[in-house]
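Heads up, the thing below is written out as structure tokens.
The values are calculated or read from the model by the stated rules, or taken from the named source; none is laboratory data. Bear in mind that the values here come from a model prediction, so they are computed numbers and not experimental data. Positions of Cβ are generated from backbone atoms using ideal geometry, with glycine treated the same way; all protein chains shown enter the neighbour counts.
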Amino acid sequence: MLIKIPRGWELPESAATPESLFLNRRELMKGLAAGPILAAGSVPFLTDDVFAADPPDPSAKYYPAKRNETYKVDRAITDEKAAGTWNNFYEFLPQAGEITDRAAKLVVRPWEVAIGGMVEKPQKVAIDTLLAAMPIEERVYRHRCVETWSMTVPWTGFPVKALVDYAKPLGSAKFVVMKTLMDKDMFPTQRSFFAGYPWPYTEGMTIEEATNDLAFLVTGVYGKPAAKQHGAPLRLALPWKYGFKSVKSIVEVTFTDQRPTTFWETLQPREYGFWANVNPAVDHPRWSQAEERPLGGSRKVPTLLYNGYAEQVASLYAGMGNARTLFM
Ligand code: MTE
């Protein structure tokens, strides 16, 4: 059951800086009064031992994977520690700068992905069996969080299209839904004050979006198996959409003819929608989306339509008008 969100969590717009507004989304989770927040650019980096390699990983042989040079960006790659220190993973904590050591507790083997719904044959597949069947490559993508921070990272993984082909959906399937692990022992917020929120974290896309060349399933980052705070062992990357669409630590992939209601949309439909395509001209109800702050620095840069990927994805939305809902 969804916990009723008290209206008191909203800050008056006049009183808020963008960063304090981000906290406001965290307050939505906490139901507490807004407090101070670390600016993304000023996050203290953790020491090297926090980033030390996990015990030998059966997928280590895939890294570093060959980079697919089709996907070029005109931005510097974000420092690995900056990207691995400022993370959103609400199952652990609503504070972006404090996820890393908590996420170290995430157990990523054994890990199974259930593929079901409107498919020829529902199946459960072990992550390493799946990886062995997928075309693994590296792609450098931009990532734009709805909270206005951004990063540019080398993801390793495989196209969502390869998973769709593997799953063999029925012709009647129209959407792909992906869910994060539900595990109250692993994820403190699923059992605590936030237990009434719509866990597991659920995201979805149309089949056309899923089979667009850009849609990518991530297994690694920076030439290594993905650090847990990034959503190991399997997370989504839809670089033309706000980052909340990129669901982490996926255990379920379902094909359906019904548009799913997603996690943030369920919590606050006025602010977070199904489409969530990046558009600098469409403000979030409580802050501007015109600019973003690349992690690791304090300088702001302009945000681009579809996060710079209009050429690859704008046609997906042709004929759908310019409704605000496409960009929230
Ligand atoms: N997936 C789950 N399961 N839980 C989350 O809290 N946060 C989302 C997305 N995927 C989130 C999630 C948001 S808001 C963003 S911006 C990205 O993950 C952040 O990815 P990163 O931490 O690897 O930068």
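Just give me the residues in the range 48-69 being in a loop (DSSP other than H, G, I, E, B), at pLDDT 90 or above and not aromatic (Phe, Trp, Tyr), in sequence order.
First, the residues of the range 48-69 that are in a loop (DSSP other than H, G, I, E, B): 52-59, 63-66, 68-69.
Next, from what is left, pick out any that are at pLDDT 90 or above: 57-59, 63-66, 68-69.
Those that are in a loop (DSSP other than H, G, I, E, B), at pLDDT 90 or above and not aromatic (Phe, Trp, Tyr): 57, 58, 59, 64, 65, 66, 68, 69.
Just checking, does the range 129-147 include any residue being within 15 Å of the ligand (Cβ to nearest atom), in contact with a helix residue (DSSP H, G or I) (Cβ under 8 Å, 6 or more places away or on another chain) and of a type in the set (Val, Ile, Thr)? Lay out the reasoning, then the answer.
Of all residues in the range 129-147, those within 15 Å of the ligand (Cβ to nearest atom) come to 139-147.
Next cut, in contact with a helix residue (DSSP H, G or I) (Cβ under 8 Å, 6 or more places away or on another chain) only: 142-147.
Restricting the remaining residues to those that are of a type in the set (Val, Ile, Thr) gives 146.
Taking every residue of the range 129-147 in turn, at least one turns out to be within 15 Å of the ligand (Cβ to nearest atom), in contact with a helix residue (DSSP H, G or I) (Cβ under 8 Å, 6 or more places away or on another chain) and of a type in the set (Val, Ile, Thr).
Restricting attention to the range 157-191, which residues are part of a strand (DSSP E or B), more than 11 Å from the ligand (Cβ to nearest atom), surrounded by 23 or more Cβ atoms within 10 Å (Cβ to Cβ) and of a type in the set (Val, Ile, Thr)?
Scanning the range 157-191 gives a single hit, 176.
Could you check the range 227-251 and list, in sequence order, the residues that are over 28 Å from residue 305 (Cβ atoms) and crowded, with 20+ Cβ neighbours inside 10 Å?
Within the range 227-251, the subset over 28 Å from residue 305 (Cβ atoms) is 227-229, 232-234, 249, 251.
227, 228, 229, 232, 233, 234, 249, listed by residue number.
Answer yes or no: is there a residue in the range 277-285 that is near the ligand (Cβ under 10 Å from one of its atoms) and either modelled with pLDDT of 95 or more or part of a loop (DSSP other than H, G, I, E, B) (or both).
Looking only at the range 277-285, we keep the residues that are near the ligand (Cβ under 10 Å from one of its atoms), and these are none.
No - not one qualifying residue is present in the range 277-285.
What number of residues within the range 235-250 are part of a loop (DSSP other than H, G, I, E, B), within 11 Å of the ligand (Cβ to nearest atom) and touching a residue at least 40 places away in the same chain (Cβ under 8 Å)? Give the steps one after another, and end with the answer.
Our first condition is that a residue be part of a loop (DSSP other than H, G, I, E, B); within the range 235-250, this holds for 238-240, 242, 246-249.
Keeping just the survivors that are within 11 Å of the ligand (Cβ to nearest atom) gives 238, 242, 246-249.
Narrowing further to those that are touching a residue at least 40 places away in the same chain (Cβ under 8 Å): 242, 246-249.
Summing the residues that are part of a loop (DSSP other than H, G, I, E, B), within 11 Å of the ligand (Cβ to nearest atom) and touching a residue at least 40 places away in the same chain (Cβ under 8 Å) in the range 235-250 gives 5.
Examine the range 286-293 for a residue that is surrounded by 14 or more Cβ atoms within 10 Å (Cβ to Cβ), of a type in the set (Asp, Glu), out of contact with any Cys (no Cβ under 6 Å at 6 or more places or on another chain) and in a strand (DSSP E or B), and state whether such a residue exists.
Yes, there is a match, as at least one residue in the range 286-293 is surrounded by 14 or more Cβ atoms within 10 Å (Cβ to Cβ), of a type in the set (Asp, Glu), out of contact with any Cys (no Cβ under 6 Å at 6 or more places or on another chain) and in a strand (DSSP E or B).
Within the group 201, 197, which residue is in contact (Cβ under 8 Å) with a residue 40 or more places away in the chain, surrounded by 24 or more Cβ atoms within 10 Å (Cβ to Cβ) and of a type in the set (Phe, Trp, Tyr)? Let's see the steps before the verdict.
Working: 197 fails: surrounded by 24 or more Cβ atoms within 10 Å (Cβ to Cβ).
Just one listed residue meets the conditions, 201.
Out of everything in the range 218-234 that is part of a loop (DSSP other than H, G, I, E, B) and of a type outside the set (A, V, I, L, M), what residue ends up being farthest from the ligand (Cβ to nearest atom)?
Keep residues of the range 218-234 that are part of a loop (DSSP other than H, G, I, E, B), which gives 222-223, 226-227, 231-234.
Adding the requirement that they be of a type outside the set (A, V, I, L, M) leaves 222-223, 231, 233.
Working: 222: 11, 223: 16, 231: 6, 233: 13 Å.
That would be 223.
Tally time: how many residues in the range 79-104 are crowded, with 23+ Cβ neighbours inside 10 Å and either of a type in the set (Val, Ile, Thr) or more than 11 Å from the ligand (Cβ to nearest atom) (or both)?
Adding up the residues that qualify gives 2.
Restricting attention to the range 294-328, and to residues there that are of a type in the set (Lys, Arg) and in a loop (DSSP other than H, G, I, E, B), which single residue is nearest to the chain's Cα centre (by Cα)? Talk me through it step by step, then tell me what you get.
Taking the range 294-328 first, the residues of a type in the set (Lys, Arg) are 299-300, 324.
Within this subset, residues satisfying the condition of being in a loop (DSSP other than H, G, I, E, B) are 299-300.
Numbers: 299: 23, 300: 21 Å.
Ranking the qualifying residues of the range 294-328, first place goes to 300.
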